[in-house]
Amino acid sequence: MQKVIAEINLKAIEDNARTLKRLSGTKLCAVVKADAYGHGAEAVTNALSGVADMFAVALTDEAISVRTAACGKEILVLTPPTDKETARCIADNGFIASVPDFFTARLLSETAEECGRPIKAHLQTNTGMNRYGMNLSMLGRVCKFLEERKTVEVGGMYSHLYDHSRAECERQRGLFLKMQSVFRRYFKTGICHLSSTYGALLGGEFSFDMVRVGLGLYGYFPDGSEREFQGVRLKKAMKVYAQAVESRKYSFGGAGYGLLDEETKNSFDRLTVYRAGYADGFSRKRDNGMRGAEKNANNLCMDACIRRGKAVRGSFTPIMTDAAAEAEKTGTIAYEILCAATKRAEFRYEYR
């Protein structure tokens, strides 16, 4: 075995989904984009097919890859289509398109007419993120256009909480309520959803008709919010291991690429080469936040990490067990660590 090993506990992911669904008291849309945040989208989707009410992905290719595993549950594509080919793919597969503006509304309407079938859609609104989504001033125009043409089946409206402070989330919620009022004039029964993991944890007035949960499914709280929800227990689902390929006595020169200073040279007499490098999704820097990184002798190579000390050839050592801790050490967020850590891994799933 030459790949790093990613052990994924599907029972932990299912338990996290049930916890967040209970806290929010509403429907759950499980976000499985980016290969389920590095956990393996098909396996995670299948594991959640009995818990989630809907799934969400970023790309149509991702939607196609989890379609069978979703067991008939609807799949929302979060990135809006920009051309008729993509819109046709959404229509042909029965996915739900995102509509952030008048351009996309017209594109979907024209595509639906050409292919002779309606296209499902949720409207995207902008409550402050300024990524995708229409402002309140445009929402009525888009709703009226789509309501009149009937070629697009509008099943919902959503926005996204962009900040993890209660005050800013309250402001966004207030704006979303105004948007919901406009939306309901045209579409009485559509699903309105605002909250990702943070909003799902807040529950209550942030739940609306559904929550879209990504990070929390995999056992993590958004950006330092864990203290705010001390009574909530989420289970981390992923551990990544690397194999010791060689253990040798250090004699001269460097350790990997680059020279070693005299102090570093004198701090060890044995080196172990582990089969994990920056091509496997870990930062090249020696102090890269990996579990055990304090033993790294130098920067990582593309396919190897050289550490001080002795190990049994063929043995495995954990190199990622807590993405939040690694992110804190390297100045990033758990999302990035999770998405990167399994890019070249062999997945091993367990359910316990």
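Observations, loosely collected:
- Residues being of a type outside the set (V, I, T) and free of Cβ contacts under 8 Å to residues at least 60 places away in the same chain - total across the range 318-337: 7
- Which listed residue is in contact (Cβ under 8 Å) with a residue 40 or more places away in the chain, open to solvent by 30 Å² or more (accessible area, probe 1.4 Å), among the acidic types (D, E) and on the phi > 0 side of the Ramachandran plot, from D223, D209: D223
- Identity of the residue in the range 161-200, of a type in the set (G, A, S), over 21 Å from L215 (Cα atoms) and assigned to a helix (DSSP H, G or I), that ends up least open to solvent (accessible area, probe 1.4 Å): G174
- Scanning the range 240-285 for residues that are open to solvent by less than 40 Å² (accessible area, probe 1.4 Å) and among the aromatic types (F, W, Y) yields a count of 4.
- Scanning the range 120-144 for residues being in a strand (DSSP E or B) and open to solvent by less than 20 Å² (accessible area, probe 1.4 Å) gives a total of 6.
- Where a residue in the range 1-16 is over 19 Å from A69 (Cβ atoms) and its partner, wherever it lies, is assigned to a strand (DSSP E or B) and among the basic types (K, R), with Cβ under 8 Å and at least six apart: I5/R348; E7/K239; E7/R348
- The residues on offer are E74, E85, E42, and the sole one that is free of Cβ contacts under 8 Å to residues at least 12 places away in the same chain and surrounded by fewer than 23 Cβ atoms within 10 Å (Cβ to Cβ) is E85.
- For S49, the conditions (1) open to solvent by 10 Å² or more (accessible area, probe 1.4 Å); (2) among the polar types (S, T, N, Q); (3) closer than 25 Å to F187 by Cα all hold with the exception of (3).
- Looking across A36, A12, A30, one residue alone is surrounded by 19 or more Cβ atoms within 10 Å (Cβ to Cβ), of a type in the set (A, V, I, L, M, F, W, C) and on the phi > 0 side of the Ramachandran plot. It is A36.
- Listed conditions (1) over 30 Å from A323 (Cβ atoms); (2) open to solvent by less than 50 Å² (accessible area, probe 1.4 Å); (3) assigned to a helix (DSSP H, G or I) are all met by V154, apart from (3).
This table checks each residue for (1) of a type outside the set (D, E); (2) farther than 15 Å from G256 by Cα.
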residue	(1), (2)
L271	yes, no
G281	yes, yes
R284	yes, no
E294	no, yes
A297	yes, no
A304	yes, no
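- Here S181 does not fit the description of being in contact with a Gly (Cβ under 7 Å, 6 or more places away or on another chain) and farther than 22 Å from R106 by Cα.
- For M290, the criteria (1) more than 23 Å from K3 (Cβ to Cβ); (2) touching a residue at least 24 places away in the same chain (Cβ under 8 Å) hold in every case but one, which is (1).
The values are calculated or read from the model by the stated rules, or taken from the named source; none is laboratory data. Keep in mind the model is a prediction, meaning the values are calculated, not measured. Methodologically, a virtual Cβ is constructed for each residue, glycine included, from the backbone with ideal geometry; neighbour enumeration extends over all protein chains shown. Ligands, DNA and RNA are stripped out before the accessible areas are found, and what is left, the full protein with its side chains, is counted by its heavy atoms. Shrake-Rupley method; radii C 1.70, N 1.55, O 1.52, S 1.80 Å.
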